[in-house]
Amino acid sequence: MTKRKILFVCLGNICRSPAAQGVMQRLVDERGLSERFEIDSAGTYGGHAGDLPDRRMRVHARRRGLELTHISRRITIDDFDHFDIIVAMDSANQCDLLEMAPTREAQQKIVMMGRFIRFNLHYDYVPDPYYEGSEGFELVLDLLEDACDNMLDAIIAGKL
Ligand code: 4NP
């Protein structure tokens, strides 16, 4: 059985995308689907490479029972080949990914996380919490829990 390989991408790979990775990994584990998925994250900007997720994001995630241990890395050209679904958190990430993608086929793997947000009508993207307070991190986690659940349903239903 081939695994579906999902890569979540944001700017720094220390706030949104490692949180998305943690949220999605927990969902697939809870649904007994761990063997069927490979889930990772990366940033379009490499300035935080080698770092754990931002401490504020780790604190807020831990309150929801999630330990975020991913080590930040910049996306590579090989990622466009390896992963099946490449998920951008916002339109800047999407633009950067479209520019970096080596082929048309690779471009077609890029999807917007906002497409899967159901319960918050104000957002069609996942906003950067880096310069925000606690509520920014809580908002990101709320959006990601909703969107990951919906995305996993779409994948299982064969719609993605
Ligand atoms: P992320 O947040 O893209 O969700 O990981 C950010 C992390 C770092 C910076 C900006 C956003 N930065 O400017 O260093």
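Cβ-Cβ under 7 Å, sequence separation 6+ or interchain: first residue in region 6-24 and in contact (Cβ under 8 Å) with a residue 40 or more places away in the chain and over 11 Å from L66 (Cβ atoms), partner basic (K, R) and surrounded by 24 or more Cβ atoms within 10 Å (Cβ to Cβ). Which pairs? Short answer, once both residue conditions are applied: C10/R16.
More than 15 Å from the ligand (Cβ to nearest atom), within 18 Å of I155 (Cβ to Cβ) and not small (G, A, S): does that describe R104? No, not satisfied. The criterion of at least 1 residues that are hydroxyl-bearing (S, T, Y) is met by the following helices (runs of 4 or more DSSP H) wholly inside region 38-102: 91-100. Taking the criterion of being within 18 Å of L144 (Cα to Cα), in a loop (DSSP other than H, G, I, E, B), more than 10 Å from the ligand (Cβ to nearest atom) and not hydroxyl-bearing (S, T, Y), would at least one residue in region 14-37 satisfy it? Taking every residue of region 14-37 in turn, at least one turns out to be within 18 Å of L144 (Cα to Cα), in a loop (DSSP other than H, G, I, E, B), more than 10 Å from the ligand (Cβ to nearest atom) and not hydroxyl-bearing (S, T, Y). Restricted to region 34-58, and to residues there that are touching a residue at least 40 places away in the same chain (Cβ under 8 Å) and out of contact with any strand residue (DSSP E or B) (no Cβ under 8 Å at 6 or more places or on another chain), the residue that is surrounded by the fewest Cβ atoms within 10 Å (Cβ to Cβ) is R56.
Each value in this text was obtained by applying a stated rule to the coordinates, not by laboratory testing. Keep in mind that this is a model prediction, so the values were computed, not measured. Neighbour counts run over all protein chains shown; Cβ positions are idealised from the backbone, glycine included.
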